[in-house]
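Written out below as structure tokens is the structure these notes cover.
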Amino acid sequence: MRRILVAGVTGSGKSTLARAVSRRLEIPYHEMDELYFGGPNWARNSQFTTRIREIAASPVWIFDSFGYPEVRDLLWERADTVVWLDYPRRVVMPRVLRRSLRRTVLRERVFNGNRETPADWFTPDHPARTSWTQHGTRGAEIGARAEDARFAPLRTLRFTTPKETERWLRTLEGP
């Protein structure tokens, strides 16, 4: 495992797991949303695709994402491993709600100084809404990609419970 995607629905724990794997295997971790949202007011980074291409060309990396559409195929073609957090809604929704509530109440800065605000809770792209509405389709998309012949060399590790993921993480050893 040298080029890893940690995939799953919003709130499944992708970033947390990617950071942990990064530390254990001493692989550079890249937070996809940090790269995508380049400025205030959730502005898209104009150099996003270029930056992802640069990182994907390197021999080792880990991303916490299924991949934004404009870079998804590139990452899936370059990755050697996909760690799929395929948790049920009953696991994911409390996580994403707690995280967004904490970020909103404490006014935590995320992704280049942006913050989740009370008004964001009423937008279609709020993390809680995205997690709920994309849960089934995201899982189906990841499953289809895992079986797609274009990505045949990929090793897909699918975990359906946090306990499975924790057991696997404990087995990882550094270089």
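The values are calculated or read from the model by the stated rules, or taken from the named source; none is laboratory data. Note that the coordinates shown come from a computational prediction; the quantities given were computed from them, not determined experimentally. Backbone-built Cβ (ideal geometry, glycine too); neighbour counts: all protein chains shown. What goes into the accessible areas is simple: the full protein's heavy atoms, side chains included, and nothing from ligands, DNA or RNA. Shrake-Rupley method; radii C 1.70, N 1.55, O 1.52, S 1.80 Å.
Values for this structure:
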| read-out | value |
| --- | --- |
| Some residue of region 64-75 being without any contact (Cβ under 8 Å) to a residue 12 or more places away in the chain, closer than 20 Å to Arg129 by Cβ and either in contact with a strand residue (DSSP E or B) (Cβ under 7 Å, 6 or more places away or on another chain) or open to solvent by 40 Å² or more (accessible area, probe 1.4 Å) (or both) | yes |
| Meets criteria (open to solvent by 60 Å² or more (accessible area, probe 1.4 Å), within 18 Å of the chain's Cα centre (by Cα) and among the acidic types (Asp, Glu)) for Glu166 | yes |
| Options Arg19, Arg44; residue that is under 13 Å from the mean Cα position of the chain (by Cα) and either surrounded by fewer than 19 Cβ atoms within 10 Å (Cβ to Cβ) or within 25 Å of Arg158 (Cα to Cα) (or both) | Arg19 |
| Residues of region 109-163 satisfying the condition of being within 18 Å of Met32 (Cβ to Cβ), part of a loop (DSSP other than H, G, I, E, B) and open to solvent by 40 Å² or more (accessible area, probe 1.4 Å) | Asn112, Asp125 |
| Residue that is in contact with a Lys or Arg (Cβ under 9 Å, 6 or more places away or on another chain), more than 30 Å from Arg90 (Cβ to Cβ) and not aromatic (Phe, Trp, Tyr), where the choices are Ala57, Ala43 | Ala57 |
| Set Val83, Val60: member being among the aliphatic types (A, V, I, L, M) and within 20 Å of Glu164 (Cα to Cα) | Val83 |
| Residue in region 84-98 that is open to solvent by 40 Å² or more (accessible area, probe 1.4 Å), within 18 Å of Gly143 (Cα to Cα), touching a helix residue (DSSP H, G or I) at 6+ places or on another chain (Cβ under 8 Å) and free of Cβ contacts under 8 Å to residues at least 60 places away in the same chain present | yes |
